[in-house]
1. On a 0 to 90° scale, report how tilted helix 337-347 is relative to the longest principal axis of the chain, with both axes built from alpha carbons and the result rounded to the nearest 10.
2. Once both axes come from the Cα atoms, what is the angle between helix 352-366 and the longest principal axis of the chain, in degrees from 0 to 90, rounded to 10?
3. How many percent of the accessible area of region 278-396 is carbon or sulfur, using a 1.4 Å probe?
4. Sort the following peptides by mean Cβ neighbour count (other Cβ atoms within 10 Å, averaged over residues), highest first: 255-262, 320-327.
5. Which of the aspartates and glutamates could a cross-linker span from residue 72 if the Cα-Cα distance has to be under 16 Å and same-chain partners fewer than 8 positions apart are dropped?
6. Using alpha-carbon pairs under 8 Å, 6+ residues apart, how would you state the relative contact order of region 26-140 in percent?
7. Cβ neighbours within 10 Å, averaged per peptide: list 222-230, 172-180, 277-285 in order, most packed at the top.
8. Give, in nm to one decimal, the length gained when the segment between residue 75 and residue 127 is fully stretched (0.36 nm per residue of separation minus the Cα-Cα distance).
Amino acid sequence: MNGPAATNSPVASSAPTSAKSTVATAATAIVNIASLVTNDPSLGDGTPLGLIQDAAVVIEGDRVVWVGESRKAPATDNRVDAAGRAVIPGFVDSHSHLVFAGDRTAEFNARMSGQAYAAGGIRTTVAATRAASDADLERNLTRYLAEALRQGTTTFETKSGYGLTVEDEARALRIAAAHTDEVTYLGAHIVSPDYADDPAAYVALVTGEMLDACAPHARWVDVFCEKGAFDGDQARAILTAGKAKGLHPRVHANQLSYGPGVQLAVELDAASADHCTHLTDADVDALAQSATVATLLPGAEFSTRAEWPDARLLLDAGATVALSTDCNPGSSFTSSVPFCIALAVRDMRMTPDEAVWSATAGGAAALRRTDVGRLTPGAYADLAVLDAPSHVHLAYRPGVPLVEQVWRRGVRAV
């Protein structure tokens, strides 16, 4: 498994456990943890997960200040008994589309009846999103964020891409930015229906007036580089313009067919190439030799009955892999990272350890973050307590609601 110790991973190893003398008694200790996933290979069993058995975590404010064996935990005023449950870092969902309105049940039903999935279905959501009020869009967003939090997601990225006008893209990003720092400008989701006869003019809008309006609200710029959306030259122009405005690239790459998306992502030092379903040997090698994370989205393959990405090929080559939900109303309407972990293990040839690492530390790498996705001193105190003795149960017991508690920024949120 390619973890934090790998030379091409953007996530650095964390510091060792803190000394007892540095922990304030007003801190909170979660003790009697059967198995603690730290994602620090210098801790515990020395694997990428850094597993510590019979463990404890000490939280002060919004940060982890100590991890280690439960019997060695420093004295604190507050103690929470995990009662032999497993604890993992909160999931880092690095790819979602949550600012939208409308429903695509009919499209899903048709697809399950034999109709092929294609990029054009996005237009249905575009129409509904344009017609929705700001309040409606925010109500939808917070609903799905609460749903994801209950399932252990403590960090999430989300995109625009369902407005495709200057005003609608900018308002989507403003709404998203009120709830997360990981906001992505995706004006280049598809060519706007308003420009169906003049794609070049739409690319000019996306790289000009729309970018100017959206850049202040976003950290990232993304493009759907795919047949039916944007070709390699168009994608390069869009991502390069975004970089010039201070946005860092990510790419919807190689989902529906072989194409230039992965190579373009590596060329432009994109944080992630997302989907990666159709890869050549050259694509795999490029990812393995770069800091660009291959973000796999098994919910999309599940929902579209498409070919599964070959996670094993990427992992064995040394690429850094993330797992995310791709939560969106058209092709992956799930907010459940545990469900995606189970799919990745069953159908993408990942081990349970690899899948859990990819859904936590891997997601953090895809966002170029070192303060989430791990439970080591200095990281945010974002964690999930599982109603099971091991993280393996996430794949072993698919569909079972195993997340018993969620702590976010040091506060028990669930």
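The values are calculated or read from the model by the stated rules, or taken from the named source; none is laboratory data. A quick note: this is a predicted structure, and the numbers were derived from the prediction, not measured. Neighbour counts run over all protein chains shown; Cβ positions are idealised from the backbone, glycine included. Ligands, DNA and RNA are excluded from the accessible area calculation, which covers all protein heavy atoms including side chains. Shrake-Rupley method; radii C 1.70, N 1.55, O 1.52, S 1.80 Å.
1. The angle comes out at about 80 degrees.
2. Relative to the chain, helix 352-366 is tipped by roughly 60 degrees.
3. 51
4. Order by mean packing, descending: 320-327, 255-262.
5. 54, 81
6. 25
7. 222-230, 172-180, 277-285
8. Here the answer is 13.0 nm.
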